[in-house]
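To start, I am sharing the structure in question, which I have written as structure tokens.
A short reminder: the numbers here are calculations on the coordinates, not readings from a lab. In this text the structure is predicted, and so the values were computed from the model without any measurement. As a convention, Cβ positions derive from the backbone with ideal geometry for all residues, glycine included, and neighbour counts pool all protein chains shown.
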Amino acid sequence: MEPMSALTAAAGRAAGTAAMRAFQRDGRIRLGGREERRIVYGHFQLCAFRVYSGRSDLARASRWPYMVTFWIPASFALRRTTLAQRELDEAFAELTLAGNTDPVAAGTRLFHAAIGMNLDYDPDHSKNAGVQRKFLNARDEFVEAARQDLWYLPQWWQVWRPAWWGVRWRSLKGQRRAKREHKSGS
């Protein structure tokens, strides 16, 4: 091998490694920007909500009083839920491709919570107890992970940003208020 070609090959490898490290964070390659991830996270959350509400409607519509009198809405609910499930599967695949580690983990829990309702029983039945709470907790966890990933709130080290103080103060006040309401409600 010629010395010049060996030098260019080594320089090319070094440049490629440096470029790869620039796009890598937490062991995952990030090629999408913040706006692309925001769109993916929002679409996934919307699909999860559609599947959960569709499965809830389907569980209600499949009960015998509704099935005898309203079999047409039950078939519409089945079709709508099937399409929403297909769209959720596609959105989950897109999330695992474009998302970062924490939102993907939270999205996995949201995915399982969205499809967790037992369709053989009414949503108010004891076999489905806690499904709604599990879904809402998974949704809140996913939203928080997505916010942290997208950095909508200023970070602690960004004290020079003009809105840092007001946003931080309002956020802390809201968290304290939510904790008080949660403690008083439990």
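Starting from the Cα of ALA178, move 7 Å in the Cα-to-Cβ direction to define the label point; list residues of region 130-153 whose amide nitrogen is under 17 Å from there.
Output list for this probe position: 133-153.
A further question follows. Which net charge results for the neighbourhood of THR81, defined as the other residues with beta-carbon distances under 9 angstrom from its beta-carbon, given Lys and Arg at +1 and Asp and Glu at -1? Walk me through the intermediate numbers first.
On the way: positive: ARG50, ARG55, ARG79, ARG80; negative: ASP57.
The answer is +3.
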